[in-house]
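Everything below concerns the one structure shown next.
Derivation of every value follows stated rules applied to the coordinates shown; laboratory data play no part. All values derive from a computational prediction rather than experimental measurement. Cβ placement follows ideal geometry from the backbone for every residue including glycine, while neighbour counts extend to all protein chains displayed.
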Amino acid sequence: MDSLTRHTDYGNEGLSEVEAGPDPLDLLARWLSDAESAEIFEPNAMVISTVDADGSPSSRTVLLKGLDATGLRFVTNYLSRKGRALAEHNRVSLVFPWYGLKRQVIVSGVAVPTDAETSTSFFDRRPHGARLAAIASDQSEPIASRDILDERMAGLEQQYPEGSPIPRPEKWGAYHVTPDRFEFWAGRSKRFHDRIVFTRTSGAEEPATWSVSRLQP
Ligand SMILES: Cc1cc2nc3c(=O)[nH]c(=O)nc-3n(C[C@H](O)[C@H](O)[C@H](O)COP(=O)(O)O)c2cc1C
């Protein structure tokens with residue numbers, strides 16, 4: 001377990017206030033495109049943390065499926081553990097862990113289910129098998145065996161052959177996250193890293209305005 005004692009140097013690319021610019025959503029889009037160019041596996045993967053009804057935090061990875069000036073979108077099962085948590089507490093923390101680029105972005109905000117049309121348009125863009133999987137899976141619920149899931153899938157493949165229309169199940173859809181804080185972290189030598197924080201100053205109003213500050217590493 002060499003990794004536990006290794007001390008890797010993080011280079012000195014860093015992040016200046018000038019490079020960061022005034023708009024965190026624009027910077028996130030630029031860093032996402034850098035992650036794509038670097039051919040990181042699933043560059044749009046982010047760890048989303050929610051708070052259960054009893055106050056327990058829980059985290060898991062989802063894929064970012066939409067990004068614009070108003071916020072971030074992901075898709076999931078509304079009845080999953082995270083869906084149930086979000087119905088109680090809609091604040092989320094998102095982490096993009098781009099270790100290969102020595103970068104990390106942390107976003108805080110409020111997640112709200114999108115309208116049905118938006119969810120359906122995300123659903124219709126999924127490959128055939130992924131649409132059937134969204135129907136077959138009661139995400140986060142226990143099941144007695146893998147075989148039962150495979151049988152469900154086989155039944156759905158008969159019911160909806162490739163090319164036939166598949167209705168979006170109500171349990172599956174998109175969330176829109178309206179961000180109110182971003183932290184951009186860029187690794188530097190001697191563990192003397194850069195951290196640039198954007199805090200929303202415009203409340204819920206759009207377009208958002210942001211104040212910028214630097215945190216100690
Ligand atoms: C790379 C990666 C991408 C994933 N993308 C999604 C996703 O977009 N939506 C989703 O619901 N689950 C996704 N998952 C699965 C989740 O991490 C998680 O297992 C699932 O959503 C159930 O979480 P929950 O029980 O906390 O609700 C992904 C997992 C990985 C490792």
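Can you give me the Rg/Rh ratio for the stretch 23-134, using Cα atoms for both radii and the Kirkwood formula for Rh?
Value, to two decimals: 0.96.
Under 5 Å between amide H atoms, partner at least 5 residues away or on a different chain: which partners does LEU15 have, H built in plane at 1.01 Å?
For LEU15, the qualifying residues are ASP194.
Give me the mean projected area, in nm² to one decimal, of the convex hull enclosing the Cα positions of the chain.
15.3 nm²
May I ask you to list the chymotrypsin sites (Phe, Trp or Tyr not before Pro) in the stretch 1-95 that are in a DSSP loop and have at most 13 other Cβ atoms within 10 Å of their Cβ?
Here the chymotrypsin sites (Phe, Trp or Tyr not before Pro) that fit, given the DSSP loop and packing criteria, are PHE41.
Before anything else, pin down the relative contact order of the chain: Cα pairs under 8 Å, at least 6 apart, normalised by residue count, whole percent.
25 percent
Compute the distance from the alpha-carbon center of the stretch 150-211 to that of the stretch 4-41, in whole Å.
19 Å
For the pair PHE192 and GLU13, how long in nm is the line joining their label points, each one 7 Å along Cα→Cβ?
For the pair PHE192/GLU13, the computed spacing is 2.0 nm.
Just grab the label-to-label distance for LEU156 and ALA116, each label 7 Å out from Cα along the Cβ direction, in nm (one decimal).
2.0 nm
From the Cα gyration tensor of the stretch 118-167, with a ≥ b ≥ c the square roots of its eigenvalues, which class applies: rounded if a/c is under 1.5, or else prolate if a/b is larger than b/c, or else oblate?
Oblate, since a/c reaches 1.5 and b/c is not below a/b.
For the chain, what does the helix formula give at 222 nm: sum of -39500 (n - 2.57) over DSSP H segments with n ≥ 4, over the residue count, nearest 500 deg cm²/dmol?
Using -39500 (n - 2.57) per qualifying helix, the result is -8000 deg cm²/dmol.
Extending each Cα 7 Å along its Cβ direction at THR209 and MET1, get the distance between those two points in nm, one decimal.
Here the modelled spin labels are 5.1 nm apart.
Based on the alpha-carbon gyration tensor of the stretch 168-217 and its eigenvalue square roots a ≥ b ≥ c, which shape applies: rounded if a/c is under 1.5, prolate if not and a/b is larger than b/c, or oblate?
oblate
By count of other Cβ within 10 Å, fewest leading, how are MET46, MET1 ordered?
Exposure proxy ranking, most exposed first: MET1, MET46.
Exposure proxy check: THR76, THR178 ranked by fewest other beta carbons within 10 Å?
Listing THR76, THR178 from fewest to most nearby Cβ atoms yields THR178, THR76.
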